[in-house]
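A.B. asks: Encoded as structure tokens, here's the structure I'll be asking about.
The values are calculated or read from the model by the stated rules, or taken from the named source; none is laboratory data. All of these numbers come straight from a predicted model, not from anything done at the bench. Cβ: placed from backbone, ideal geometry, glycine included. Neighbour counts: every protein chain shown.
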């Protein structure tokens with residue numbers, strides 16, 4: 001009887017572990033929403049009709065780790081790299097804009113951010129406590 005009890009508990013532990021591993025398969029919801037907000041910001045501040053973030057979709061079943069220019073840690077599901085080089089190409093080459101880095105606050109595990117060739121002339125200071 002005791003042996004059956006132990007086997008039963010081990011089975012539940014295995015089920016819970018498999019459930020947790022399945023939950024980490026893909027990006028975290030907080031970071032997905034952050035990416036969608038960032039996309040909206042980038043599109044609204046671009047003078048170009050060019051947009052290569054078409055894979056960034058707000059459908060609930062879409063894994064943002066599979067999106068173009070996004071790389072995630074496959075163990076934790078956190079966004080690790082954002083490769084936004086030239087993501088906005090202004091039609092007027094003299095056009096530059098001020099970037100708001102608060103859009104990156106959802107990405108606590110971001111290791112690499114590439115914003116080169118984005119025509120950024122400065123940034124907005126982040127106000128408040130975010131730690």
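A.B. asks: Hey, could you check segment 67-77 for residues that are surrounded by 13 or more Cβ atoms within 10 Å (Cβ to Cβ) and over 19 Å from residue 53 (Cα atoms) and say which is modelled with the highest pLDDT?
C.D. replies: At the first step, the residues of segment 67-77 found to be surrounded by 13 or more Cβ atoms within 10 Å (Cβ to Cβ) are 67, 69-73, 77.
Now narrow it down to the ones that are over 19 Å from residue 53 (Cα atoms): 73, 77.
Numbers: 73: 94, 77: 91.
Filtering segment 67-77 for residues that are surrounded by 13 or more Cβ atoms within 10 Å (Cβ to Cβ) and over 19 Å from residue 53 (Cα atoms), the one modelled with the highest pLDDT comes out as 73.
Every residue, every condition in (1) modelled with pLDDT of 75 or more; (2) assigned to a loop (DSSP other than H, G, I, E, B); (3) surrounded by fewer than 15 Cβ atoms within 10 Å (Cβ to Cβ), yes or no:
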| residue | (1), (2), (3) |
| --- | --- |
| 61 | yes, yes, yes |
| 65 | yes, no, no |
| 99 | yes, no, no |
| 118 | yes, yes, no |
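A.B. asks: For residues that are over 20 Å from residue 99 (Cβ atoms) and not in a helix (DSSP H, G or I), scanning just segment 16-48, find the one that is modelled with the lowest pLDDT.
C.D. replies: Going through segment 16-48, the residues over 20 Å from residue 99 (Cβ atoms) turn out to be 16-30, 32.
Those still in the list that are not in a helix (DSSP H, G or I) too: 24-28.
Values: 24: 49, 25: 55, 26: 69, 27: 84, 28: 91.
Of everything passing the filter in segment 16-48, 24 is modelled with the lowest pLDDT.
A.B. asks: When you look at residue 85, is it within 14 Å of residue 120 (Cα to Cα), at pLDDT 85 or above and either in a loop (DSSP other than H, G, I, E, B) or in contact with a strand residue (DSSP E or B) (Cβ under 6 Å, 6 or more places away or on another chain) (or both), yes or no? It would help to see each step written out before you state the result.
C.D. replies: Working: within 14 Å of residue 120 (Cα to Cα): yes; at pLDDT 85 or above: yes; either in a loop (DSSP other than H, G, I, E, B) or in contact with a strand residue (DSSP E or B) (Cβ under 6 Å, 6 or more places away or on another chain) (or both): yes.
Answer is yes for this residue.
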